[in-house]
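Bear in mind that the values in this text are calculations on the coordinates, not laboratory data. Just so we're clear, the structure is a prediction, and the values are computed from it rather than from any experiment. Every residue, glycine as well, gets a Cβ built from its backbone with ideal geometry; the counts of neighbours run over all protein chains shown.
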Amino acid sequence: MICRVLHPGLLATVQDGGRHGHQHEGIPAAGAMDELALRIGNMLVGNDERAAGLEFTLVGPTLRFDEHALIALAGADLGISADGTPLPLWRPVCVPAGMTLSATSAVRGCRGYLAIAGAFDVPVVLGSRSTYVRAALGGIEGRPLRRGDVLAIGAPSELSRRIGAGVSEKRGRGRVAIARWGASSALIPFYTSPATIRLLEGEHARLLTAESRERLWSAEFRVGAQSDRMGYRLEGAGLELSAPTELLSEAVAFGTVQLPPGGNPIVLMADRQSTGGYPRIGEVASIDLPLLAQLKPGDRLRFRPISLDEAQRLYLAREDNVGQARAAIALHHH
Amino acid sequence: MSNLDLAPLGDRALLIRLGDAIDEATHRLVRAVTARLSERPVDGMIEIVPAFASVAVHYEPSRVPNGSHRGSPYARFAAAVETALSNLAGETLPPARTVEIPVCYGADYGPDLGEVARQHGLTADEVVGLHTGATYRVYMLGFAPGFAYLGGLPDEIATPRRAEPRTSVPAGSVGIGGSQTGIYPLASPGGWQLIGRTSLRLFDAGREPPTLLSMGDVVRFRAVAPDELALAAT
């Protein structure tokens, strides 16, 4: 099966669970900005959760599949419909061969995901299909999708076949079939602006002036226009160090909040460099990275402190929920 | 080694701090820790990222075994890392490779060579002599795929970055930025003083390993003529 790109929208890339194991070579991990949305999308169509899907930004694409396709939309609501039938998020959907998927624009959130049974079959580069545009790695020729691109779809798993059979069972041919089930609302984050993002205080927060340290927690930050998959620039509350500091470059993580000399913090996102030399004033709790990934330039956020123990407890609880959803899908399609 | 300095780097990574300066002793510790954790991966570990004076270990909290320890995933993971790093002094370091980089200095390949020479009251040949006469160490990779942070630049040619960064620097450009020297693996914007260019590919996703240089390598530069540079690329 193939997927034709009739229009890519604003920025569409192939992304999977990320390019892990190469950061020591200076190679960014990349991968989906909203890891949870892509994982759930994949789960709903019977794929491995780390499989390659499409990530859309603010404006969705126009696509056509040459065969009957089992898909799931997740993440931002980009107003996607199939030949005029609005498609729900977070549910398996069967789209008949030849129908055109088109989009309006972001209704809620910033990044939408499309997972398809069998996943997008682009070449694996250094262990991942994720697109990293700056070094032209992964995806289609390492670049965003363009009008006229043709994406191959892999062979669906046995589970995908069973899910697809269940979804399209009671529908006539040639019509969109929407599953009566989907991801439970407990799994789905509610994307809002202003967002409250839980932050672990970073090693260098102690280098902030007392006033700036207080402002880190009280200020409302605005996501700057220069924000992208590499990082979010946070404006509106300049922070200051008590003294200029020279630090040696060292590893950073998805969600590390750096403070460059200008005073506007940068949150490092999926395409972050593997290492950095600016003071690390915080790290976003992993459970809130999906909320952050769904903020767009102009959106606002506040930080709230969280302890490491609490962040990991909530993370494990979420992983348990994801695991239960996975088990339930497998059980019902056994 | 019981006095390891471990700290969380967010809720899915841990940082092992091994010093606070760029020096050979700290670097040997970084290599020893990296070698040990590569040989004996700790359960839940995703990848290891060594730097000048630290080693980060990214891990998956849900895959850290419970064992007998009832603490947080971080507490359990950190304990396992400490155990894995015991008797580190006995760790034999993998032998350091020596990599020679042929460089065509000056002219279009190194448009700032004259400026670097002028700033230090040297001739262009003297700058090249100092740059090729030194032995460099790859302390870490970062910033871009295949970019090596090299230690060992002679103080005599340490040169501040350009006031106006270039919007595009060709791949393979050899530059000086402050007390560092390095090679741009990919065409990118950059503010370093460009003194030459190599035709070797610092990064090639289709190669195993994809980077020409690895942490711990010894690097020497060799001045070559433009026609020899073309040959080195084949």
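Give the dimensionless ratio obtained when the Cα radius of gyration of the stretch B:159-234 is divided by 2.2 N^0.38 Å. Can you show the working numbers first?
Details: Rg = 13.1 Å, N = 76, 2.2 N^0.38 = 11.4 Å.
The stretch B:159-234 yields a ratio of 1.14.
Within 10 Å of each residue's Cβ, count the other Cβ atoms and sort A:Val284, A:Val223 from fewest upward.
Details: A:Val284 28, A:Val223 23.
Placing the least packed residue first, the sequence is A:Val223, A:Val284.
Would you compute the Debye intensity of the stretch B:61-203 from its alpha-carbon atoms alone, equal scatterers and no solvent, and pass along log10 I(q)/I(0) at q = 0.10, 0.17, 0.21 Å⁻¹ to two decimals?
Values, matching the q order: -0.48, -0.88, -1.26.
Beta carbons within 10 angstrom, averaged per residue: use that to sort the peptides A:87-97, B:15-25, A:111-121, highest first.
A:111-121, A:87-97, B:15-25
For A:Ser274, what residues show an amide H to amide H distance below 5 Å, using hydrogens built from the backbone and excluding near sequence neighbours?
Answer set, sorted by chain and number: B:Phe143.
What list of ³J(HN,Hα) couplings, whole Hz, do you get for the stretch B:29-42 from phi and the Karplus terms 6.51, -1.76, 1.60, once you set θ to phi - 60° and write x for glycine and proline?
Per-residue couplings from phi come out as 5, 4, 5, 5, 5, 4, 5, 5, 6, 6, 6, 10, x, 8 Hz.
Which whole-Hz couplings ³J(HN,Hα) result when phi for each residue of the stretch B:108-120 is put into the Karplus expression 6.51 cos²θ - 1.76 cosθ + 1.60, θ = phi - 60°, listed in order with x for Gly and Pro?
5, 6, x, x, 9, 4, x, 5, 4, 4, 4, 4, 9
May I ask for the percentage of alpha-carbon pairs in the protein assembly as shown that lie more than 40 Å from each other? Walk me through the numbers on the way to the answer.
Values: 48363 of 161028 pairs.
Roughly 30 percent, rounded to a whole number.
When you look at the Cβ of every residue in A:16-29, what mean number of other chain Cβ atoms sits within 10 Å? Can you show the working numbers first?
Details: counts 0, 0, 1, 0, 4, 4, 8, 9, 15, 15, 17, 9, 2, 3.
Averaged over the peptide's residues, the number is 6.
Quick query: amide H of A:Gly202 versus all other amide H atoms, modeled in the peptide plane; which residues come in under 5 Å with a sequence gap of 5 or more or a different chain?
Here A:Gly282, A:Glu283 satisfy the definition.
Could you tell me the distance between the Cα centroids of the stretch A:158-220 and the stretch A:24-67, to the nearest Å?
13 Å
Work from the charge dipole of the stretch B:6-122 (Cβ charges, +1 for Lys and Arg, -1 for Asp and Glu, about the Cα centre) and give the residue of B:Met45, B:Ala80, B:Gly106 farthest towards its positive end.
B:Ala80
For the stretch B:75-87, what does the Karplus curve 6.51 cos²θ - 1.76 cosθ + 1.60, with θ = phi - 60°, yield as ³J(HN,Hα) per residue in whole Hz, taken in order and with x for Gly and Pro?
4, 5, 5, 4, 5, 5, 5, 4, 5, 4, 9, 5, 6
Taking the alpha-carbon set of the stretch A:23-96, what are its Rg and Dmax in Å?
For the stretch A:23-96, the Cα-based Rg and Dmax read 13.8, 47 Å.
What order do you get for A:Asp288, A:Asp83 when you list them from fewest to most C-beta neighbours inside 10 Å?
Details: A:Asp288 22, A:Asp83 15.
So the residues, fewest neighbours to most, are A:Asp83, A:Asp288.
What does the structure give for B:40-49 when I average, per residue, the other chain Cβ atoms found within 10 Å of the residue Cβ? All intermediate terms of the calculation are to be shown ahead of the outcome.
Numbers: counts 0, 0, 0, 0, 0, 0, 5, 8, 4, 11.
Mean shielding count: 3.
Take the Cα coordinates of the stretch A:196-236, assign each an equal point scatterer, and use the Debye formula without solvent to give log10 I(q)/I(0) at q = 0.14, 0.32, 0.34 Å⁻¹.
Debye intensities relative to I(0), on a log10 scale: -0.38, -1.12, -1.12.
Please arrange A:Met269, A:Met230 by counting, for each residue, the other beta carbons lying within 10 Å of its beta carbon, fewest first.
On the way: A:Met269 21, A:Met230 18.
So the residues, fewest neighbours to most, are A:Met230, A:Met269.
When averaged across all projection directions, what area in nm² does the alpha-carbon convex hull of chain A cover? Walk me through the numbers on the way to the answer.
On the way: hull surface 64.5 nm².
One quarter of the hull surface, i.e. the mean projection, equals 16.1 nm².
Report, by chain and number, residues whose modeled amide H sits under 5 Å from the one on A:Ser242, excluding near sequence neighbours (fewer than 5 apart, same chain).
So A:Ser242 has HN proximity to A:Leu208, A:Thr209.
Please give the net charge around A:Leu247, taking every other residue with its beta carbon less than 14 angstrom from that of A:Leu247, where Lys and Arg add +1 and Asp and Glu add -1.
Numbers: positive: A:Arg206, A:Arg280, B:Arg17; negative: A:Glu203, A:Glu246, A:Glu250, B:Asp20.
Once positives and negatives cancel, what remains is -1.
GNM, chain A, Cα, under 10 Å: largest mean-square fluctuation among A:Pro61, A:Pro144, A:Pro260?
A:Pro260
Alpha carbon centre of the stretch B:94-141 versus the stretch B:149-188: separation in Å?
Each part reduced to its Cα centre gives a spacing of 10 Å.
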